Amino acid sequence: MNKNVERGRATRAHVVEAATRLFAEHGYDGTSIEAVQASAGVSRGSLYHHFPGKEALFWAVLEEVGARITRQGEDIARDAPDPVAMLRAGTLAWIRLAGDPVVRQIMLIDAPAVLGWQRWRELDEQGPLGAIRDALGYAAATGRIEHAHVDTFAHIALAAANEVAMMIARADDPAAALTVGESAFAEFLDRLLGEVPPAAS
């Protein structure tokens with residue numbers, strides 16, 4: 001039984017890996033479940049045992065990509081000296097990831113369309129919004145922002161980070177958009193948290 005469970009998990013992971021590659025290269029609409037089956041080298045019955053349809057398969061891919069992003073964000077933020085520095089490191093890391101072809105296509109282009117905008121936003125509310133709110137709560141406790149503004153500012157910061165990431169993902173020149181977007185968002189955080197950079201001479 002244990003070997004069967006392990007084999008099933010390995011098969012599922014293999015299918016998700018193949019689907020991630022195809023979704024990233026061809027997009028959701030350009031990827032058929034038959035193409036995933038062929039790429040993974042599994043039977044139709046095996047694939048449908050794990051995933052009843054393409055949307056379920058995409059959801060599994062999205063969860064895996066999201067988990068990878070979370071792990072990377074945690075690694076980057078681990079050495080931050082305080083929650084505000086953690087917020088800065090985590091949100092800027094997310095913006096940089098907009099240049100990653102997998103994140104770009106799956107998280108920023110296809111996910112809102114496949115899941116619907118409301119469901120896509122709910123993922124953020126269940127994940128990074130809480131961490132952003134906690135960091136801004138610390139900022140309020142240290143006198144950088146008003147306590148009454150913490151929740152609203154958390155939504156604003158999340159929306160701004162997502163909008164910049166979307167801008168980069170959809171830009172004709174993503175590398176140039178990343179340079180501008182990263183710089184602008186860093187300044188946005190500086191101004192939000194009362195750390196206004198010196199004026200250019």
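Does any residue of segment 114-132 turn out to be over 27 Å from L57 (Cα atoms), of a type outside the set (S, T, N, Q) and crowded, with 17+ Cβ neighbours inside 10 Å?
Within segment 114-132, one or more residues are over 27 Å from L57 (Cα atoms), of a type outside the set (S, T, N, Q) and crowded, with 17+ Cβ neighbours inside 10 Å.
Got a sec? Which of R88, R71, R78 is among the basic types (K, R) and crowded, with 19+ Cβ neighbours inside 10 Å?
One residue alone meets the criteria, R88.
Taking Q105 and the conditions (1) of a type outside the set (D, E, K, R); (2) surrounded by 18 or more Cβ atoms within 10 Å (Cβ to Cβ); (3) out of contact with any Phe, Trp or Tyr (no Cβ under 7 Å at 6 or more places or on another chain), which numbered condition does it fall short on, given that it satisfies the others?
(3)
Quick one: in segment 69-98, of everything that is among the small types (G, A, S), in a helix (DSSP H, G or I) and under 12 Å from the mean Cα position of the chain (by Cα), which residue is nearest to V164 (Cα to Cα)?
Here the residue is A93.
Given (1) closer than 30 Å to L136 by Cβ; (2) modelled with pLDDT of 90 or more; (3) not aromatic (F, W, Y), where does P52 come up short, assuming only one miss?
(1)
Answer yes if at least one residue in segment 59-66 is closer than 18 Å to L158 by Cα and either out of contact with any Phe, Trp or Tyr (no Cβ under 9 Å at 6 or more places or on another chain) or surrounded by 15 or more Cβ atoms within 10 Å (Cβ to Cβ) (or both), and no otherwise.
Within segment 59-66, one or more residues are closer than 18 Å to L158 by Cα and either out of contact with any Phe, Trp or Tyr (no Cβ under 9 Å at 6 or more places or on another chain) or surrounded by 15 or more Cβ atoms within 10 Å (Cβ to Cβ) (or both).
Of all residues in segment 79-123, which are touching a residue at least 40 places away in the same chain (Cβ under 8 Å) and of a type in the set (D, E, K, R)?
D82, R88, R96, R104, D110 - these are the residues of segment 79-123 that are touching a residue at least 40 places away in the same chain (Cβ under 8 Å) and of a type in the set (D, E, K, R).
Within segment 151-164, track down each residue that is under 17 Å from G90 (Cβ atoms) and more than 14 Å from the chain's Cα centre (by Cα).
F153, A154, H155, I156, A157
To keep it simple, each residue is scored yes or no on (1) under 27 Å from A113 (Cβ atoms); (2) modelled with pLDDT of 95 or more; (3) in a helix (DSSP H, G or I).
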site: K3; (1), (2), (3): no, no, yes
site: R9; (1), (2), (3): no, no, yes
site: R12; (1), (2), (3): yes, no, yes
site: F23; (1), (2), (3): yes, yes, yes
site: S46; (1), (2), (3): no, no, yes
site: W59; (1), (2), (3): yes, no, yes
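When you scan segment 114-123, do you find a residue that is under 24 Å from A13 (Cα atoms) and within 11 Å of the chain's Cα centre (by Cα), even just one?
Within segment 114-123 (the criterion being under 24 Å from A13 (Cα atoms) and within 11 Å of the chain's Cα centre (by Cα)), the answer is yes, since at least one residue qualifies.
In segment 1-39, which residue that is more than 19 Å from the chain's Cα centre (by Cα) and among the charged types (D, E, K, R) is surrounded by the most Cβ atoms within 10 Å (Cβ to Cβ)?
Filtering segment 1-39 for residues that are more than 19 Å from the chain's Cα centre (by Cα) and among the charged types (D, E, K, R), the one surrounded by the most Cβ atoms within 10 Å (Cβ to Cβ) comes out as R12.
The values are calculated or read from the model by the stated rules, or taken from the named source; none is laboratory data. The structure displayed is predicted, hence computed values, not measured ones. Using ideal geometry, Cβ is built from the backbone for each residue, glycine included, and neighbour counts are taken over all protein chains shown.
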